[in-house]
There are 2 protein chains.
Amino acid sequence: MASIKDVAKRANVSTATVSRVLRNAGNVTEETRQRVLEAIEALNYQPNVLGRYLRRMETETVLVVVPDITNPFFSKVLRGIEAVALEHGYQVLLGDTQNDVRLEEQYLNLLPQRQVDGMIFLTARIRKELVEEMARQFPIVLACEYLEGADIPTVSIDNISSARKATEHLIRLGHRRIAHLSGPMNIILSRDRLRGYQQALAQHELEADAALVQEGDFTYESGYNLTLKLLALEKPPTAIFAANDEMAIGAIKAVRHRGGRVPDDVAVVGFDDIQMASIFEPSLTTIAQPMFEIGQKAMELLLALIEGTSARRRQLVLPDRLVIRDSCGGERSA
Amino acid sequence: MASIKDVAKRANVSTATVSRVLRNAGNVTEETRQRVLEAIEALNYQPNVLGRYLRRMETETVLVVVPDITNPFFSKVLRGIEAVALEHGYQVLLGDTQNDVRLEEQYLNLLPQRQVDGMIFLTARIRKELVEEMARQFPIVLACEYLEGADIPTVSIDNISSARKATEHLIRLGHRRIAHLSGPMNIILSRDRLRGYQQALAQHELEADAALVQEGDFTYESGYNLTLKLLALEKPPTAIFAANDEMAIGAIKAVRHRGGRVPDDVAVVGFDDIQMASIFEPSLTTIAQPMFEIGQKAMELLLALIEGTSARRRQLVLPDRLVIRDSCGGERSA
DNA sequence: CTCAGTTATGTAATCGATTACATCTCCATC
DNA sequence: GATGGAGATGTAATCGATTACATAACTGAG
């Protein structure tokens with residue numbers, strides 16, 4: 001492999017000059033520039049980025065830590081991140097934790113090792129102090145998730161109010177026994193959606209039956225299994241608010257499996273508005289998150305941190321909206 | 001940030017000794033080892049990997065080039081890759097080309113720049129000579145896709161035979177007008193599936209009506225739109241073989257949109273067996289690819305290349321199987 | 001023609017870790 | 001007690017590019 005020295009030798013200049021041509025840093029005669037370019041061409045030279053990295057102590061690479069890459073919600077957010085990254089010449093390294101907190105911590109360590117210039121976490125189960133400590137020294141942005149009381153730049157929606165909105169929609173349709181399929185309780189996001197659900201019940205003076213809240217893990221399977229449990233209750237719910245669309249689809253399948261119909265027997269509301277939400281039948285009523293935009297904004301915040309131009313607003317709350325489709329039907333007669 | 005020199009100074013040893021402790025390369029007294037470890041602890045030292053990379057000229061990072069990360073098929077393959085990579089201490093960099101060939105070429109260039117030790121391509125639209133040239137010097141593995149006549153390690157299924165199998169299943173059920181929703185024709189994989197479809201028709205002496213073959217792009221939308229076109233034909237098909245599950249689901253939705261039923265009016269077969277294939281109603285008859293295993297094997301091949309232990313078999317063809325579900329119904333009476 | 005100021009180019013230090021090689025210490029053996 | 005060899009540690013070169021600083025070449029004003 002040709003190195004910058006070989007190019008310098010062939011073009012009869014110093015390595016400094018070659019570097020200047022490469023970096024497009026002025027002060028090079030057109031004539032020498034041409035000679036250098038010819039040498040590069042002739043030797044098929046590609047600069048070894050590791051040398052550059054070491055000297056400049058930056059890699060122009062950011063890491064995105066994802067809890068589950070097979071989840072379409074996250075791949076959409078990722079797309080937003082990639083779009084902005086590409087535009088600014090950054091590479092995106094992907095860390096899939098597969099919901100394993102230890103992996104999350106491991107990835108965090110890439111920062112002091114200088115392997116990446118910054119990180120975006122789409123998950124935040126890690127100890128808060130750890131992240132805060134790291135965030136003091138290195139660029140870190142949270143997206144979708146956040147850490148209570150931590151002053152770390154964050155992009156998300158208001159999960160409490162949107163969960164309340166979703167639940168209220170069911171109440172408005174006349175439902176009184178509304179179940180909630182939550183996400184894992186060690187995730188703030190899940191707790192927020194649960195809280196929104198509870199707030200809506202309280203505001204309408206509906207009883208909060210603990211048996212109606214089941215903790216899932218955002219997978220289709222958990223939605224399916226927990227719904228079977230709900231349906232086996234002495235007084236089963238007439239509506240289910242699931243903390244994401246995949247669990248909502250699982251819920252619908254379970255209702256059908258038991259011979260019920262959606263929305264007639266049980267109404268279902270999801271969360272996220274992944275593509276399948278509009279394709280599946282019945283199509284899902286759900287909370288639409290601006291996934292792509294969340295990714296974009298998160299990457300923009302991160303760039304601002306990396307480049308030292310501190311962003312004005314460090315905590316971004318993006319608008320969501322309730323999309324009404326077929327899975328919760330019209331007003332309830334009974 | 002503390003560097004290895006600071007640690008050496010504090011522990012009163014040379015940097016060489018510190019490095020030996022870090023690398024766990026013997027020949028260090030337990031006593032000095034302890035002293036070094038204490039210094040590392042005290043300074044909260046993290047080795048800067050860029051230094052190591054430069055010296056050793058390897059990054060223990062591999063890049064996976066994916067045409068579309070939002071496609072669940074690829075994220076499953078990715079999981080298989082990650083599993084093996086993690087086990088061997090490699091990191092996985094993700095390159096999402098969003099179906100843009102130019103990006104594919106750009107990623108290829110990370111190899112001579114030494115940014116990554118090897119690459120796995122889950123797409124191969126790039127010029128064959130380019131890849132071959134690069135593959136002579138650097139570890140490259142193709143998965144899912146392959147390049148005709150190129151001697152590059154590859155993991156895939158036999159797309160021709162599996163497409164034939166899928167089509168034959170429809171013929172066996174009594175269908176005579178079978179349409180094919182293909183992938184983009186600049187992809188070998190799409191051409192193979194088309195060929196398998198044509199072979200099946202030919203073997204059963206069925207007419208190959210060009211109007212029944214429509215070129216899609218693997219998205220739900222293309223499946224939907226092309227099916228509307230098919231249904232508008234003077235003699236519409238009674239069965240559709242789609243080159244992937246997402247287009248198959250699009251096809252089903254289009255049939256329904258036109259008031260038809262699946263499988264009664266039109267039978268549909270998909271390809272890949274993504275999770276949604278079994279959840280969607282009617283559940284999809286489809287070709288199941290061993291996605292996770294494709295990823296695993298690809299990464300294993302790549303590791304063998306990187307570590308110089310040439311793999312015995314360089315072209316792996318994994319078994320697929322036809323999964324029969326509800327979308328093509330039973331034998332046809334008419 | 002001279003001198004200051006600009007522009008082009010070269011020299012060599014630097015980033016941080018790894019490692020070939022040199023040196024030193026210690027111990028066992030004869 | 002001399003010798004050899006193994007083991008521990010240190011010295012310094014090295015990876016490849018960048019860049020501070022030095023120097024050379026050139027330009028234009030006086």
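The values are calculated or read from the model by the stated rules, or taken from the named source; none is laboratory data. All of these numbers come straight from a predicted model, not from anything done at the bench. When we count neighbours, we look across all protein chains shown, and the Cβ atoms used for this are built from the backbone with ideal geometry, even at glycine. Only protein heavy atoms, including side chains, enter the accessible area calculation; ligands, DNA and RNA are left aside. Shrake-Rupley method; radii C 1.70, N 1.55, O 1.52, S 1.80 Å.
Quick one: would you say A:Glu293 is over 21 Å from B:Arg256 (Cβ atoms) and of a type in the set (D, E, K, R)?
Spelling it out, A:Glu293 is indeed over 21 Å from B:Arg256 (Cβ atoms) and of a type in the set (D, E, K, R).
Only one of these is more than 27 Å from B:Gly89 (Cα to Cα) and touching a Phe, Trp or Tyr at 6+ places or on another chain (Cβ under 7 Å): A:Ala8, A:Ala2, A:Ala42, A:Ala83. Name it.
A:Ala2
Tell me, which residue of the range A:158-181 that is touching a Gly at 6+ places or on another chain (Cβ under 6 Å) and in contact (Cβ under 8 Å) with a residue 60 or more places away in the chain is farthest from A:Lys235 (Cα to Cα)?
Taking the candidates together, the pick is A:Ala163.
Of the residues A:Ala16, A:Ala8, A:Ala25, A:Ala2, which is within 14 Å of another protein chain (Cβ to nearest Cβ) and either within 12 Å of DNA strand D (Cβ to nearest atom) or not in a helix (DSSP H, G or I) (or both)?
A:Ala2
Here is a yes/no grid of residues against (1) hydroxyl-bearing (Ser, Thr, Tyr); (2) out of contact with any helix residue (DSSP H, G or I) (no Cβ under 6 Å at 6 or more places or on another chain):
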site	(1), (2)
A:Leu228	no, no
A:Thr238	yes, yes
A:Gly270	no, no
A:Ser278	yes, yes
A:Thr285	yes, yes
A:Ile306	no, yes
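Restricting the search to the range A:1-27, which residues are among the small types (Gly, Ala, Ser), surrounded by fewer than 16 Cβ atoms within 10 Å (Cβ to Cβ) and within 8 Å of DNA strand C (Cβ to nearest atom)?
A:Ser14, A:Ala16, A:Gly26
Could you list all residues from the range A:1-15 that are out of contact with any Ser or Thr (no Cβ under 8 Å at 6 or more places or on another chain) and over 21 Å from B:Pro112 (Cα atoms)?
Scanning the range A:1-15 gives A:Asn12, A:Ser14.
Here are some residues: B:Gly51, B:Gly95. Which one is more than 16 Å from DNA strand D (Cβ to nearest atom) and within 11 Å of another protein chain (Cβ to nearest Cβ)?
Exactly one residue qualifies, and that residue is B:Gly95.
Among the residues that make up the range A:137-156, is at least one of them open to solvent by less than 70 Å² (accessible area, probe 1.4 Å), free of Cβ contacts under 8 Å to residues at least 40 places away in the same chain and within 14 Å of chain B (Cβ to nearest Cβ)?
Scanning the range A:137-156, I find at least one residue that is open to solvent by less than 70 Å² (accessible area, probe 1.4 Å), free of Cβ contacts under 8 Å to residues at least 40 places away in the same chain and within 14 Å of chain B (Cβ to nearest Cβ), so the answer is yes.
Within the range A:28-56, restricting attention to residues that are more than 7 Å from DNA strand C (Cβ to nearest atom) and in a loop (DSSP other than H, G, I, E, B), which residue is nearest to B:Leu50 (Cα to Cα)?
In this case the residue turns out to be A:Asn48.
So for the range B:57-65 (the condition being open to solvent by less than 30 Å² (accessible area, probe 1.4 Å) and in contact with a Pro (Cβ under 9 Å, 6 or more places away or on another chain)), does at least one residue qualify?
Yes, some residue in the range B:57-65 is open to solvent by less than 30 Å² (accessible area, probe 1.4 Å) and in contact with a Pro (Cβ under 9 Å, 6 or more places away or on another chain).
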